[in-house]
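Down below is the structure, laid out as structure tokens.
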């Protein structure tokens, strides 16, 4: 039969409870607190990791956004550059076309001018040759009878002109110096007839002199102070030469 000592059992139970209390107070609570602290640290670390992940994701998104923006900006700049290059090219082409057109017009104007000058020079040369030929031919044909006919024609021309208009505004006492330039030496009769015609139309004092110029070929010129009346064959040839140059 077991000998159970109640006091021993109670004492052991008391020791057990004391041990439990000691373990609870000095081991379980610190362990529990350590585990709680560890849990909090793990939770905090997980939260920090989550925040870091969120921030990393945010940074990644911002980077991608910036990268997309940069790509878009680069594309926009490229497009803008292409537009500017195209506009510049079009402007340069336009300027080149304008310059080419301007040069073409200048070339055409130069050619027209050179052509006109060449034609004018050609007409002048022809007119000079014709005039020279006419002078030489008429000079060779001249004789006293033909000279007399041209002198009579000269007198008729002078007689048919109002000579008073060539001395308008002159003082009544002012002597009018008039020169008759003839192709050949006129005879006394011609000189008297011309002087009579002049004095008939001009009531002012007149000093009429005569001069010889064989280049006139035939006929003569009546020269006032600032004007002249050309009734010479050389003058007629020069007049025809000028008309040919203007109308040919």
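Per this entry, residue 116 is counted among residues that are surrounded by fewer than 18 Cβ atoms within 10 Å (Cβ to Cβ) and not assigned by TED's automatic domain parsing to the domain that holds residue 242.
If you check 195, 159 for being surrounded by 11 or more Cβ atoms within 10 Å (Cβ to Cβ), touching a strand residue (DSSP E or B) at 6+ places or on another chain (Cβ under 6 Å) and assigned by TED's automatic domain parsing to the domain that holds residue 240, only one passes: 195.
Right, residue 244: surrounded by 15 or more Cβ atoms within 10 Å (Cβ to Cβ) and touching a residue at least 24 places away in the same chain (Cβ under 8 Å) or not? Judged against the criteria, residue 244 is a match.
Filtered by the rule that a residue be within 19 Å of residue 150 (Cα to Cα) and exposed (fewer than 11 other Cβ atoms within 10 Å of the Cβ), the range 168-186 gives a lone residue, 185. Going through 229, 237, 217, 197 one at a time, which residue ends up being in contact (Cβ under 8 Å) with a residue 40 or more places away in the chain and on the phi > 0 side of the Ramachandran plot? Residue meeting the stated conditions: 217.
Taken together, 199, 157, 123 contain a single residue that is under 19 Å from residue 241 (Cβ atoms) and part of a helix (DSSP H, G or I), which is 123.
Taking residue 169 as the residue in question, decide whether it is in contact with a helix residue (DSSP H, G or I) (Cβ under 8 Å, 6 or more places away or on another chain) and either part of a loop (DSSP other than H, G, I, E, B) or within 30 Å of residue 130 (Cβ to Cβ) (or both). So residue 169 fails the test.
Sort out which residues of the range 135-152 are at pLDDT 90 or above, in a helix (DSSP H, G or I) and loosely packed, with under 14 Cβ neighbours inside 10 Å, and write them in order of number. Listed by number, the residues that qualify are 144, 145, 149, 152.
The values are calculated or read from the model by the stated rules, or taken from the named source; none is laboratory data. Treat the numbers as computed from the prediction; the structure is a model and nothing was measured. Ideal geometry is used to build each Cβ from the backbone, glycine not excepted, and the neighbour counts take in all protein chains shown.
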